[in-house]
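The values are calculated or read from the model by the stated rules, or taken from the named source; none is laboratory data. Keep in mind that what you see is a predicted model, and the values were worked out from it rather than measured. Using ideal geometry, Cβ is built from the backbone for each residue, glycine included, and neighbour counts are taken over all protein chains shown. Note: areas computed on protein heavy atoms with side chains; ligands, DNA, RNA excluded. Shrake-Rupley method; radii C 1.70, N 1.55, O 1.52, S 1.80 Å.
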Amino acid sequence: MAARLNLRLDLQIGDDQAPARSELRLPEWNWRAGQYRPDWCALSLLREPSLAGPGILPEHLRADARRLRAQFQALAPTRIWLRAQPDGTEIDLDAWMRQRTEPHAAPGPARIYRDARTRTRDLACLVLADLSLSTEAAINADCRIIDIIRDSLYLLGEAFDAGGDRFALAGFNSQGRAVQFIVFKDFATHYGTQTRARLAAAAPHGYTRMGAAIRQASSLLMKETARTRLLLLITDGKPNDQDAYEGRYGIEDTRAALREARQAGLNPFCITVDQRAEDYLPHLFGRQGYLLVRRLVEMPRRLPQLVLQLIRDR
């Protein structure tokens, strides 16, 4: 078992005035040698231009978005009142009247106040989408895998926004040891027309060097203080690239990156449309750490419901 890697990945994207492109170096796990290759990958953090695409929700998603927003809004943080407290922000008139009229009040301080508390799920979620060239593959005459992934990101954004949760949306692809990490929305920015415009511009490119992308996503999610920190990966295939990353090397580097994420207190989970995923995903995520979606067109509608279930289970 490799020693835990102490990552120092402090660079992150801020608001819309931040540079459109930044670069950093990331390690990679070499399972043959049983050690990390330091500074092995050059990862570029990219932000799509704010006006890269239309900033409105596609028409075919609007009915689902309205339903999800209503559902998640009902589960948003709510304000509740704790009554008959020994101290608080307001007088509890009912408790005060009981204190005055009952002949034998309980000993101890008078419990005549009420105090407000916010009930919340305390969640931070980073959704990381595979944007490799394989997602260009057609599902039918009118739809590609990239279209399904993009629709999933749209609906997750609508749901999280309505629920008041902290969330980020990102994608990745690679060309050898050069990895692109595309930021559609980070934790600090508001979800709205600019995020939707960036999602509209998402396009397939390159390969799937998954370990580096997971390490960068983990470094951003580690900075969040929520009790539940969910790293949700959406992909159509296994780790691969044009070099030695194809095969077991890529699998083991991805497994190491996921191990690092768990050691940091994160909860990785994978959604895949790869019908051969059961050959390798249990090795990466465990038997309960992934979901294979067999009917691809159902994925955008199923993902928000899955997120709710994952939250309840933790």
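Okay, here's what the table says:
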| item | result |
| --- | --- |
| Test: Arg4 is part of a strand (DSSP E or B), at pLDDT below 65 and of a type in the set (D, E, K, R) | no |
| Subset of the range 227-257 [free of Cβ contacts under 8 Å to residues at least 60 places away in the same chain and within 24 Å of Pro300 (Cα to Cα)] | Lys238, Pro239 |
| The range 201-233, residues that are among the β-branched types (Val, Ile, Thr) and over 16 Å from Arg255 (Cα atoms) | Thr225, Thr228 |
| The range 278-310, residues that are among the hydroxyl-bearing types (Ser, Thr, Tyr) and in contact (Cβ under 8 Å) with a residue 40 or more places away in the chain | Tyr280 |
| Hits in the range 33-56 (condition: modelled with pLDDT of 95 or more and in a loop (DSSP other than H, G, I, E, B)) | Ala33, Gly34 |
| Some residue of the range 184-206 being out of contact with any Lys or Arg (no Cβ under 9 Å at 6 or more places or on another chain), closer than 18 Å to Ser134 by Cα and of a type in the set (D, E, K, R) | no |
| Among (1) free of Cβ contacts under 8 Å to residues at least 60 places away in the same chain; (2) closer than 30 Å to Arg227 by Cβ - the single one Ala141 does not satisfy | (2) |
| Test: residue in the range 235-257 that is crowded, with 21+ Cβ neighbours inside 10 Å and in contact with a Cys (Cβ under 7 Å, 6 or more places away or on another chain) | yes |
| Residue match in the range 260-273 (condition: open to solvent by 20 Å² or more (accessible area, probe 1.4 Å), over 19 Å from Phe181 (Cα atoms) and without any contact (Cβ under 8 Å) to a residue 24 or more places away in the chain) | yes |
